Amino acid sequence: MPSPTCLHKTYRYAMLNEEKIVEKEESGNKASPDSTKLEKSKSHIIVEIIEYVPNSVVIKTIIKKSTGSISIMSFDSGEGLTEKTSPFDTFAQIIEGKAEIVIDKVSNLLQSGQGIIIPAHSPNFIKPNGRFKMILTIIKCGYE
């Protein structure tokens, strides 16, 4: 685990059709403008924190604590995530474009500015619906 003074940047690329995830991690001791670690007490334009990568889903973790995490994701056209179930409640908020999020076989079409709570233990997946970006917030506190 990197020390608090180290930068830690994570990119995950997932291709829905190939169900392949490639993770790239980089650590360093000095801050750079390219860092995924956001400067505290400073305003940020959230949709500009992450870019689209052709034929990929990109995930950058903004905050990761033992009680939960906040990640930002970009999805290129035609890309989504396969079905999964999390033991924790998750809040998904669309910040650019639109996306279809299916929870317990119920489809929900969300547009920029809309969010939805994905209940713990509910099967869910994200269907491709053009390019979009979203924030995922997972809360672990209170679970065993």
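Read-outs: derived from the displayed coordinates by stated rules, not from any lab. Because the structure is a prediction, the values reported are computed rather than measured. Neighbour counts are summed over all protein chains in view; Cβ atoms, including those assigned to glycine, are modelled from backbone coordinates with ideal geometry.
Could you line up Thr61, Thr85 from fewest to most neighbouring Cβ atoms inside 10 Å?
Result, fewest neighbours first: Thr85, Thr61.
Filter the trypsin sites (Lys or Arg not before Pro) in the stretch 51-144 to those in DSSP coil with at most 12 other Cβ atoms within 10 Å of their Cβ, and list the result.
Values: sites: Lys60, Lys64, Lys65, Lys84, Lys98, Lys105, Arg131, Lys133, Lys140; in loops: Lys105, Arg131, Lys140.
Listed in order of number, the matching sites are Lys105.
Looking at this model, which pairs from Lys65/Lys127; Lys65/Lys98; Lys40/Lys133; Lys40/Lys84 are more than 25 angstrom apart at the alpha-carbon?
Values: Lys65/Lys127 28 Å; Lys65/Lys98 28 Å; Lys40/Lys133 22 Å; Lys40/Lys84 32 Å.
From Lys65/Lys127; Lys65/Lys98; Lys40/Lys133; Lys40/Lys84, over 25 Å: Lys65/Lys127; Lys65/Lys98; Lys40/Lys84.
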